[in-house]
Amino acid sequence: MALRINDVVPDFTAETDQGTIQFHDWIGDHWAILFSHPKDFTPVCTTEFGAVAQLAEEWDKRGTKVIGVSVDGVEDHKKWKGDIEGYASATAGFPIIADEVLEVSKAFDMLPAEAYLPDGRTPAHSATVRSVFIIGPDKQLKLSMTYPMTIGRNFGEIVRALDALQTAAKHGVATPANWELGQDVVIPPAVSNDDAKAKFGDFDAKLPYLRMTKLPG
């Protein structure tokens, strides 16, 4: 069955270029982002890992750990990081899981159960392993995105989505289309007008069911 929003994500033990991890223990009390790739030394993925490396301070500000997944081994991951860091001019300080037997890819429903990697495999054999999972401190899946191999992911959007998820969780609100940190938020319909006024103060009722407000400073 597909992994759904608010499901507890699979726990697993895995080897990474930074040693062995137990996934839930590695997350700890943090938010986490798991981003997966079909193979090391591929062009689009190199730019994406570079983007993640360049955003290290942004992840830290948000109390968020990031971890990559690729179907190649630890030694390839270590070599590939040299390319990533040279391309991005940034340190790739995050771990990369060596998912050579596809345990993680299958557990997160990125590949069919019967999938395997033949000798001489190419990125096409694991093409669907190209997803992003944002996970809360409660180990529940909060958001997932899957991209084709030809389209580089927009990590600015991933940061924006993380901000929205953290804001919603902290304040009990929702966020409108194209929302950016600091902009007005949506009061959920389940909150009465009286309760909304008590919690948020003034709000702007665009429609009876669409009420916008500023968060407390």
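Limited to segment 67-90, what total is found for residues that are at pLDDT 95 or above, closer than 18 Å to Phe23 by Cα and surrounded by fewer than 20 Cβ atoms within 10 Å (Cβ to Cβ)?
Count: 1.
Quickly run through segment 32-54 and pick out the residues that are within 20 Å of Thr146 (Cβ to Cβ) and open to solvent by 10 Å² or more (accessible area, probe 1.4 Å).
Lys39, Thr42, Pro43, Val44, Thr46, Thr47, Ala51, listed by residue number.
Looking only at segment 172-189, count how many residues are open to solvent by less than 50 Å² (accessible area, probe 1.4 Å) and closer than 22 Å to Ile135 by Cβ.
Qualifying residue count for the region: 5.
Hey, could you check segment 137-154 for residues that are of a type in the set (D, E, K, R) and part of a loop (DSSP other than H, G, I, E, B) and say which is least open to solvent (accessible area, probe 1.4 Å)?
Only one residue fits best here, namely Arg153.
Return yes or no: is Ala168 within 26 Å of Lys139 (Cα to Cα) and open to solvent by 80 Å² or more (accessible area, probe 1.4 Å)?
Against the criterion (within 26 Å of Lys139 (Cα to Cα) and open to solvent by 80 Å² or more (accessible area, probe 1.4 Å)), Ala168 does not qualify.
The values are calculated or read from the model by the stated rules, or taken from the named source; none is laboratory data. The shown structure was predicted, so the numbers you read here are calculated from the model rather than taken from an experiment. Methodologically, a virtual Cβ is constructed for each residue, glycine included, from the backbone with ideal geometry; neighbour enumeration extends over all protein chains shown. Remember, those area values only see protein heavy atoms, side chains included, never the ligands or the DNA or RNA. Shrake-Rupley method; radii C 1.70, N 1.55, O 1.52, S 1.80 Å.
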